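Each remark here refers to the structure printed beneath this line.
The values are calculated or read from the model by the stated rules, or taken from the named source; none is laboratory data. Please read all numbers here as calculations on a predicted model, not as lab measurements. Here the Cβ is made from the backbone with ideal geometry for all residues, glycine too, and neighbour counts use every protein chain on show.
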Amino acid sequence: MEQLLEYQDYVLAYRLRALVGGRARPTGYLSISEYAARRLERQVLAKELLKSPDYRGQLRQVEALTEALNFGFWHNPGESIAFLERVIEGGGCGALESSGAFVEGLLTQRERAELTPEHADLVAVYYLGLLRASASYLDGETFTRLRAELEPLREQLPFFVLPQDAPPVEAT
């Protein structure tokens, strides 16, 4: 299930980045099979990188794959903070203003119809909570407390992104 949640993390990060646009705009959308192949490629490259004396070229490849996969977007405070800076530069993003706006802005109509209101709210609370926790990263105690509050929610998250879904939301 964790691999499916990781793909769901990717899809929601892609949708959010597409919605924000500008410098946050993601590269092409990956199907679940493309995502899995690139994820494995990144893992192999990262392992090889540790063994290689000339790591610069491989590091660029790992970084490109990390960007394409939105790898660490929700869980790496550095990635989240860089994204939030782009959001601020771009004038904000309505989908980040409330749980309801997140659900309306990032979930497809099918996903909203299939999720219970409680599950939709859980999804929004979890993902917005990750961004909010990252925003507090410089205060280690607050960051640790906020992340600890979110960890149990991940186990409750429903998997709702289906591989055959149409491409995600695009920036307006």
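Details
- Complete set of residues in region 114-155 that are among the aliphatic types (A, V, I, L, M) and either in contact with a Cys (Cβ under 7 Å, 6 or more places away or on another chain) or outside any helix (DSSP H, G or I) (or both): Leu115, Leu138
- Flag for Gly57 being in a helix (DSSP H, G or I), small (Gly, Ala, Ser) and touching a residue at least 40 places away in the same chain (Cβ under 8 Å): no
- Condition check for Ala36: under 13 Å from the mean Cα position of the chain (by Cα), over 17 Å from Phe160 (Cα atoms) and among the small types (Gly, Ala, Ser): no
- Looking only at residues in region 76-95 that are closer than 20 Å to Tyr10 by Cβ and without any contact (Cβ under 8 Å) to a residue 60 or more places away in the chain, the one that is surrounded by the most Cβ atoms within 10 Å (Cβ to Cβ) is Ser80.
- Residue in region 98-107 that is surrounded by 12 or more Cβ atoms within 10 Å (Cβ to Cβ), outside the structural domain of Gln43 (by TED's automatic domain parsing), β-branched (Val, Ile, Thr) and free of Cβ contacts under 8 Å to residues at least 60 places away in the same chain present: yes
- Gly92 part of a loop (DSSP other than H, G, I, E, B) and modelled with pLDDT of 90 or more: yes
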